[in-house]
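Have a look at the structure below, then the notes.
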Amino acid sequence: MALVLLCIFFVTLAAGLPLFAAMLSTAFSGIVYIGKLGQLRIMIQQFYGGMEPFSLLAIPYFILVGELMSHSGLTARLLRFSEALVGHLKGGLGYVTVVASIIFAGVNGSAAADASAVGSIMIPAMKKGGYPDSYAAGLTAGSSLIGPIIPPSIFMILFGAMTKTNVGALFIAGVVPGLLLGLAFIIMHRISASRLGLPVVNAKFSFKELFVSAGGAAAALFAPGIIVGGILFGFMTPTESGAVASGYVLLMGLLWTRQLSFKGIVQSISSTVRLSSVIFIVIGAATIVGWILSSERMPQQLAPLVMQYASTPSTVLLLISIVIFAIGMFMEEIAALVLLTPVFSPLAAQAGIDPLHFGIVMTLNITIALITPPMGACVYIVSSVGNVPLEKMFKHIWPFVVVALICQLLLIFVPELSLWLPRRLGY
């Protein structure tokens, strides 16, 4: 059944249908295939029901935070602070890219927004500084994967809504893995900087420049504290923290940087509405397909097959990750997350895997697909904003995929990387 639906989905997608239409067509075809036409009336209920969870309301707020930061000049100030912090190192612009991605990840929760905001500034700077354009683009795309792992995270919000897992706990569980991913790319860049003979940005480290840039970026650096701190100390839910952070960035753009214009606000809201609408329509359509698979007891049928080849929670996670990675190469990431989570989460629970651990592994797995050809969205974004030929990006992106997969293996076989911090905080 799952294979039939997957084939129908890819055929409709190849025929040129929009993603949500391809998924609705797949759901309709699935109902016809199993011969339960009476369930057609439930499609509308499932479509709207998939968009109903209150926690999903956090998604447009976090998108809005990232948009307002870009239009208010706060993103540029973050990049200046990152440059003052690590620009004096060999290959300093690469370090700036990774550090900026880590900081920006604590604000918007989207790899696509990270790739666009950081890439539009850093890729031209790296190319001008003598970096190979394929390496500059690959490092930017790879670093953007940190966005959905360090809180907040749109993918974690979706996972939490579908599995009834505490979103705040998922956010906290993502802190250490996100920093691990950032460290992995820093190590990779350190090796590459020596091999490629990359230049420095600044002649020497300057405390004065660091303090000046930190002062300019203080408002932006405080935004992640509002989001994570509010959730951590129980003052706010993820949705409320997104709303407060949006209002905060709006005020900072108007009163602190004074670079946020009425036109910028309108453009930010317009982009947020457009992106949020796309996400919610895909969620609704994917929910119908997931409901069909669940009603046909696909998770229960899959469990004995997986357990036949996996005897421990780690090996179960490894097998699940291989399947998700393969499917994620050819499917849009949000659709893959919404479709596969209802299938694999019961299997993970049966194997005794902690929901927080499974959520982080699932999130990183789906996130890696963002830079994996041929469907990796961040590859297309970086190629566009950095003016790097797409075929060159496809050819040179694989080392960054390998680094991310190594981090994924560490998370699978060392659960404490995900669970230590939330357990210390009482989750």
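Below are the figures for this structure:
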item: Three semi-axes of the equivalent ellipsoid, the chain, Cα gyration tensor, whole Å, largest first; result: 36, 23, 21
item: The stretch 313-427, relative contact order [Cα under 8 Å, separation at least 6], %; result: 29
item: Gain in span if fully extended, Tyr427 to Ala326, counting 0.36 nm per residue against the direct Cα distance; result: 33.1 nm
item: Ordering of 322-328, 97-103 by packing [mean C-beta count within 10 Å, highest first]; result: 97-103, 322-328
item: Separation of alpha-carbon centers, the stretch 31-101 and the stretch 248-262, rounded to whole Å; result: 21
item: Average accessible area per residue (Å²) across the stretch 357-409 - probe 1.4 Å, nucleic acids and ligands excluded; result: 33
item: For the stretch 312-340 versus the stretch 169-216, the gap between their alpha-carbon centres in whole angstrom; result: 29
item: Protection-proxy order for peptides 215-223, 87-95, each taking the mean of Cβ atoms within 10 Å per residue, highest first; result: 87-95, 215-223
item: Tilt relative to the chain, helix 355-368 - C-alpha long axis, 0 to 90 degrees, to 10; result: 70
item: Accessible carbon and sulfur surface of the stretch 99-182 relative to its total accessible area, %, 1.4 Å; result: 65
item: Cα gyration tensor shape of the stretch 235-293, rounded if a/c is under 1.5, else prolate or oblate by comparing a/b with b/c; result: oblate
item: Calculated P(r) of the stretch 238-381 - Cα pairs past 27 Å, %; result: 39
item: Gyration tensor (alpha-carbon) shape descriptor, the stretch 297-427, a/c threshold 1.5; result: prolate
item: Protein accessible area in the stretch 288-421, 1.4 Å probe - carbon and sulfur %; result: 70
item: Packing-based ranking, highest mean first, of 204-213, 69-78, 412-421, 129-138 given that Cβ atoms within 10 Å are counted; result: 69-78, 129-138, 412-421, 204-213
item: The stretch 134-221 shape via C-alpha gyration tensor axes, a/c threshold 1.5; result: oblate
item: Heavy-atom surface of the stretch 5-67, accessible at 1.4 Å and reported per residue (Å²); result: 51
item: Distance from the stretch 5-30 to the stretch 371-403 (C-alpha centre basis), Å; result: 25
item: When each of Lys128/Lys263; Lys90/Lys392; Lys204/Lys395; Lys128/Lys204 is checked by Cα-Cα distance, pairs over 28 Å; result: Lys128/Lys263; Lys204/Lys395
item: Charge dipole (debye, nearest 20) of the stretch 121-216; +1 at Cβ of Lys and Arg, -1 at Cβ of Asp and Glu; result: 160
item: 1.4 Å probe accessible area per residue over the stretch 192-329, in Å²; result: 51
item: Mean separation of Cα contacts under 8 Å, 6 or more apart, over the residue count of the stretch 100-187: relative contact order %; result: 34
item: Two-site FRET efficiency, Leu210 against Lys395, from Cβ-Cβ distance with R₀ of 51 Å, rounded to 0.05; result: 0.85
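The values are calculated or read from the model by the stated rules, or taken from the named source; none is laboratory data. Treat the numbers as computed from the prediction; the structure is a model and nothing was measured. Note: ideal-geometry Cβ built from the backbone for every residue, glycine included; neighbour counts use all protein chains shown. Protein only, heavy atoms only, side chains kept; ligands, DNA and RNA dropped before computing areas. Shrake-Rupley method; radii C 1.70, N 1.55, O 1.52, S 1.80 Å.
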